[in-house]
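Worksheet: the structure to be examined is printed underneath.
The values are calculated or read from the model by the stated rules, or taken from the named source; none is laboratory data. Quantities reported herein were computed from a predicted structural model and do not represent experimental measurements. Here the Cβ positions follow ideal geometry from the backbone for every residue, glycine too, while neighbour counts run over all protein chains shown. Please note that ligands, DNA and RNA were not included when accessible areas were found on the heavy atoms of the full protein model with its side chains. Shrake-Rupley method; radii C 1.70, N 1.55, O 1.52, S 1.80 Å.
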Amino acid sequence: MADSGSYSYESEGPATAVAEQPLPLSADKKRPILVTGAAGMVGIHTCRELSKNGWQVRALIRDPAKAAMALGQLPVEFRVGDVRDATTLRSSLSGCGAVIHLAAIAIEKKGESYRESNTAATERLISAARAENVHRVIFMSQNGADSGSRYPFLRSKGVAQDSIKTSGLRWTVLRPSVIFGPEDQFVNVLGRLIRLTPKIFPLPGGGNARFQPIAADDVARVVRLSLEKKETVHQSYDLGGAVPLTLYQMTERILIAMGIHRKIIPVPVKALRPIVALAQRFLPNPPVTLSLLDLLALDNTVANNALTEYFKVVPIPFAADELQYLRRITVRNALRSLFERG
């Protein structure tokens, strides 16, 4: 999903921007950190990473039952509400020392648009943070996000990213390539589709697009380090895993991890569009949409990988041993996932 709008982790804006106000060495551990999207994949790993390193975590969640399953074993304070609601945001931010904004959607559904969930919600978060004197914000963007992108998802994240950078807050923007982990909605989706296709697996465009999959645990570690390093204020970091892989290579590793065999058949993206359009129209929870299908043909690698070059994190590899969670996928639960709502 990378494009010409990709940022490196060099300083942005006037050189005096950081010096105009004294900065603490890190966010204050005596005050809670609000995590939006806390019950999502990155949110779960971030709450775990922060909690085990002594941070007070306040989790903004929508579904208490889901959050209890994912976060119940952690010393996390729950706040129930929708990130799109200004009143919820203000009450959740009250007394906080920082906010980690992870909440976003990759697939639009009825009642959830990119405009409201990714862009307007971020703008409301900024207003709420100002009102509650919460000056530190870590924003989870996306590699390739650009307000001028012709791809709706990347455009929505790009507009939100621009809002964060012009907010007057002490921001850090993180721009990861595709993230993998037990709760992910990329590798797991591929695994479910593989399970539902006997003998052959049609791969969009032949799987030539390159990705740089990064583990959710590594992203969570970068979130924590960003809070703890004053040098990360007013910086944007591109993040990727150990090595770039084509979608074909990723699929091969997924098959090995699942312990099954499929013959991979290249299929032109335009040939899959009618099938995806039908799924998007009739399935409550389609595995892919037309807008995301187009993104599968875009490279999503990073030129300057801050994970290794700045944060000095040794990446968790995208390898069969790290993908064993895919073995739990069955035909039955793969089918059931297509009809889940919300």
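Within region 229-240, being assigned to a helix (DSSP H, G or I) and either open to solvent by 60 Å² or more (accessible area, probe 1.4 Å) or farther than 29 Å from Pro32 by Cβ (or both) holds for Lys230, Glu231. The residue that is nearest to Arg195 (Cα to Cα), counting only those in region 295-320 that are open to solvent by 20 Å² or more (accessible area, probe 1.4 Å) and touching a helix residue (DSSP H, G or I) at 6+ places or on another chain (Cβ under 7 Å), is Ala320. Do we have Gly207 as under 18 Å from the mean Cα position of the chain (by Cα), under 25 Å from Tyr325 (Cα atoms) and open to solvent by less than 10 Å² (accessible area, probe 1.4 Å) here? No. Pairs meeting the criteria (first residue in region 270-295 and without any contact (Cβ under 8 Å) to a residue 24 or more places away in the chain, second residue among the β-branched types (Val, Ile, Thr), beta carbons under 7 Å, at least 6 apart or on different chains) are Val276/Val288; Val276/Thr289; Gln280/Thr289; Leu290/Val276. For beta carbons closer than 6 Å, sequence separation of 6+ or different chains, a first residue in region 222-234 that is farther than 21 Å from Ile316 by Cβ and a second that is modelled with pLDDT of 95 or more and among the small types (Gly, Ala, Ser), the qualifying pairs are Thr232/Ser226. Quick check on my filter: what residues within region 155-204 are among the acidic types (Asp, Glu), closer than 26 Å to Pro317 by Cα and open to solvent by 20 Å² or more (accessible area, probe 1.4 Å)? Within region 155-204, Glu183 is the sole residue that qualifies.
Among the residues of region 157-183, those that are closer than 24 Å to Lys230 by Cα and in contact with a helix residue (DSSP H, G or I) (Cβ under 7 Å, 6 or more places away or on another chain) comprise Ala160, Ser163, Ile164, Ser167, Leu169, Trp171, Thr172, Val173, Leu174, Pro176. Going through region 165-204 one residue at a time, which ones are within 14 Å of the chain's Cα centre (by Cα), aliphatic (A, V, I, L, M) and within 25 Å of Ala98 (Cβ to Cβ)? Matches in region 165-204: Val173, Leu174, Ile179. More than 20 Å from Ser141 (Cα to Cα), outside any loop (DSSP other than H, G, I, E, B) and not charged (D, E, K, R): which single residue out of Leu323, Leu307, Leu292 fits that description? Answer to the selection: Leu323.
Of everything in region 241-276 that's exposed (fewer than 13 other Cβ atoms within 10 Å of the Cβ) and among the basic types (Lys, Arg), which residue is modelled with the lowest pLDDT? Step by step, filter region 241-276, then rank; the result is Lys270. Against the list (1) open to solvent by 50 Å² or more (accessible area, probe 1.4 Å); (2) closer than 27 Å to Ala215 by Cβ; (3) of a type in the set (Val, Ile, Thr), the condition Val35 fails is (1).
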